[in-house]
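Report on the following structure.
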Amino acid sequence: MSVVPRDCFVSARGLVSFEVARLTALALVRAQARSEVVPLAEARGRVLAAPVVAPRSLPAFDQAAMDGYAIALGDRTGLPLLLPVEGTTEAGDPPAVLAPGTAHRITTGAALPRGADTVVMQEEVTLVDGAIALPPGLPANDHIRRAGEDIARGTTVLACGRTLGWPEITLLAALGIAAIPVAATVKVVVLATGSELMRAGEPASASHIHDSNGPMLAALLAGPGVEVGAITVGDEVDAIAHLLATLSATADVVVTTAGVADGSRDHVRAAILQAGGTLDVVKVAMKPGKPLALGRIGRAAFVGLPGNPQAAAFAALAFVRPMIDMLRGVPAAKRLTARLATARKARAGRTELVPMRLACEEGTLVAHSVGPDGSHRLAPLAAADAVAILPGSDEPIAAGMPVEILSLERYRFER
């Protein structure tokens, strides 16, 4: 086994601030140039890789906006008008021709007959022996959807970088677009380290624990256009280094949990350097999550997360999820704030991340603390729906103070 001296990976910068670490994480990645074409049915949540130009107008032709009768009203006003009904056009029928001095039965969405300039609602006419009696004072050009009034052919309707939700998919489907170019899938690998780890389902042991970080991070980071794999490995530096080198050949982001502190069995930082990687950050002034590493290995960005579940989850929300968004080409989201429900003691020089439950109170988003402190605790995670980012300070943080929050579930509060 080749051993890397510890002083090779002790950062000369020492402890970096939470904000510096955020900027460093984003600097490790950039929007990828790769794209792929997916069917519209699989496009929800994906990010457009090219602008969409309307191949046709919406509506594509003049059509009736109501069930009724198409007529040529022109400038006729005054007394009721009696017109024979000659012909019917249903939605999907080819356009008909309106004979002068007649009316044409028409349904909503049907093509307007050539020569017609108005659709009269069926409730406004009286049927008289195969003819309709029109009331006086009808406005011309009423109840017609004109071709292109919604979208004109050749208009750019969706910009590159737009995340496709159901409204965008509706628009694309209406334009007849069956497949769309999107940013290529981002590949993330989570490597949970620890000889004490067991997989879920394996018999419990008095000296081992079930791995929760791997499944947690796979669920937290996965999403449309993001493929996450999870692997476990023991505390052997050569084994970790081999896996890191192998995984980084195909992954965009390699994430480890545990093994980034200075304990006797913490080998991840040594393994990164042994595998040819580099580290820009090894400690962050935050609680929980001080032992956190950022760097590169091969073609992949590297994030070494702490081992305690809360610390791993909160750091993934603050650092890894934004990195994935940048790789996908998602524009940076505006930071979301909420007001603290109760005062809290601040930590001088250290940003604190705290699980919170959000509530809308009198039109204001308010963050309520959940559960006791402890980065090993899982119950507060299940009770929370956000994380509050509390700035380091010598002064207490007052109730009602606005603080940045990170939603546990993407887009629950952002949109």
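Of note:
- Label-to-label distance for A200 and L23 is 3.9 nm, based on points extended 7 Å past Cα in the beta-carbon direction.
- Distance between the pseudo-spin-label points of M401 and T155 (7 Å out from Cα toward the beta carbon): 4.8 nm.
- Tail weight of P(r) past 16 Å, computed on alpha-carbon pairs of the stretch 26-112, percent: 70 percent
- Distance between the modelled labels on L15 and L127, one decimal in nanometres: 8.5 nm (7 Å Cα→Cβ projection).
- Net charge of Cβ neighbours under 12 Å - reference A359; Lys, Arg +1; Asp, Glu -1: -1
- Beta-bridge orientation, the chain: approximately 65 percent antiparallel, per DSSP, counting only bridges with both partners inside.
- Building the convex hull from the alpha-carbon atoms of the stretch 127-255 and averaging its projection over directions returns 17.4 nm².
- Net charge dipole size for the stretch 258-415 [Lys, Arg +1 and Asp, Glu -1 on Cβ; Debye, nearest 20]: 340 debye
- Binned Cα-Cα distances of the chain, short to long, each 20 Å bin given as a whole percent: 22, 38, 20, 16, 4, 0
- Each Lys and Arg adds +1 at its Cβ and each Asp and Glu adds -1 at its Cβ; summed about the Cα centre, the stretch 90-139 shows a dipole of about 140 debye.
- Within straight-line cross-link reach of K345, lysines at Cα separation under 17 Å, skipping those fewer than 8 residues along the same chain: K287
- Residue ranges 219-225, 180-186, 92-98 sort as 180-186, 219-225, 92-98 when ordered by packing (mean number of other C-beta atoms within 10 Å per residue, highest first).
- Leading residue at positive end of dipole, the chain (Cβ point charges), from I106, P84, P391: P391
- Between the alpha-carbon centres of the stretch 323-344 and the stretch 293-318 there is a gap of 17 Å.
- Inter-centroid distance (Cα atoms) of the stretch 346-404 relative to the stretch 158-196, Å: 31 Å
- Estimated dipole of the chain in Debye, rounded to 20 [Cβ of Lys and Arg +1, of Asp and Glu -1, Cα centre]: 1540 debye
- R0 of 51 Å, Cβ-Cβ distance D93-A332: FRET efficiency to nearest 0.05: 0.55
- Calculated FRET value between D262 and A239, using beta carbons and R₀ = 22 Å, to 0.05: 0.65
- Counting every other Cβ atom within 10 Å of each residue's Cβ, D262, D238, D252, D394 order from fewest to most as D394, D262, D238, D252.
- Computed over Cα pairs, the Kirkwood radius of the stretch 336-407 leads via Stokes-Einstein (1.567 mPa s, 4 °C) to a diffusion coefficient of 106 µm² per second.
- Remark: C-alpha extents of the stretch 100-181 on the principal axes read 58, 20, 19 Å, sorted largest to smallest.
- Helical mean residue ellipticity (222 nm; -39500 (n - 2.57) per DSSP H run of 4+; nearest 500) of the chain: -4500 deg cm²/dmol
- Ranking L15, A25, V53 by how far each Cα lies toward the positive end of the dipole of the stretch 11-54 (charges on Cβ) leaves L15 at the top.
- Going from the residue with the fewest nearby Cβ atoms within 10 Å to the one with the most, T246, T89 rank T246, T89.
- Cα gyration tensor of the stretch 63-145 - equivalent ellipsoid semi-axes, whole Å, descending: 18, 13, 11
- Percentage relative contact order, the chain, counting C-alpha pairs under 8 Å, at least six apart: 17 percent
- Among R114, R162, a tally of other beta-carbon atoms within 10 Å of each Cβ gives an order, fewest to most, of R114, R162.
Bear in mind these aren't lab numbers, they're just calculated from the coordinates by the rules spelled out. Keep in mind it's a predicted model, so treat the numbers as computed, not measured. Here the Cβ is made from the backbone with ideal geometry for all residues, glycine too, and neighbour counts use every protein chain on show.
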